[in-house]
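Scroll down for the structure; my scribbles are underneath it.
All of the numbers you see were taken from the coordinates with simple rules; none came from a lab. Computed from a predicted structure; not experimentally measured. Heads up, the Cβs are rebuilt from the backbone with ideal geometry, glycines too, and the neighbour counts pull from every protein chain shown.
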Amino acid sequence: MFIAETNIRVRYGETDRMGYVYYGNYAEYYEVGRVEALRTLGWNYKEMEDSGILLPVYSFGIRYFKPAYYDDLLTIKTMISERPGTRLPFQYETWNEKGEKLNEGETTLVFISAETKRPCMAPEGFIKALEPFLQG
């Protein structure tokens, strides 16, 4: 399994009236984690898009356990546990500095050809970059 960790500090504007991180912000936190995870594999969205491959989100789900608060330092764990084909599933966990799991979620992205606007296979180089983590 491929695992990458990204830290995010909660900004005041990301909280609601109760002082909790507004639930919708976690989709953006997951995106930050996903972008940085791909970067650690030697890939990034801009280069992929410039090469003619788009990666829109197909599905998103999340389960909340505890809230995060203003100024908390969060760790977003981003995981890939299966070889991509035309779809690329990610799993996520959000942890606070106390070591408490705040939520877990998943997204599935689809590789789309910018030219045809149809699903396509993951780039071979991307699959090769993931292979050492998905063995066994």
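Below are the figures for this structure:
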item: Qualifying lysines (Cα of each under 28 Å from Cα of Lys66; at least 8 residues distant if same chain); result: Lys77, Lys98, Lys101
item: Cα gyration tensor, segment 78-136 - rounded (a/c under 1.5), prolate or oblate; result: oblate
item: Nonlocal amide H pairs with Asp72, under 5 Å, H built at 1.01 Å; result: Val10
item: Helical mean residue ellipticity (222 nm; -39500 (n - 2.57) per DSSP H run of 4+; nearest 500) of the chain; result: -7500 deg cm²/dmol
item: Whole-number percent relative contact order across segment 10-136, with pairs defined as alpha carbons under 8 Å at least 6 apart; result: 27 percent
item: Per-residue Cβ neighbour rank within 10 angstrom, fewest leading, Val21, Val32, Val110; result: Val32, Val110, Val21
item: Cα gyration tensor, segment 68-111 - rounded (a/c under 1.5), prolate or oblate; result: prolate
item: Acute angle (nearest 10 degrees) that the helix 25-40 long axis makes with the longest principal axis of the chain, alpha-carbon atoms; result: 50 degrees
item: Chymotrypsin sites (Phe, Trp or Tyr not before Pro) lying in DSSP loop within segment 48-136, provided at most 15 other Cβ fall within 10 Å; result: Phe65, Tyr70
item: Dipole in debye (nearest 20) - the chain, about Cα centre, beta carbon charges: Lys, Arg +1; Asp, Glu -1; result: 220 debye
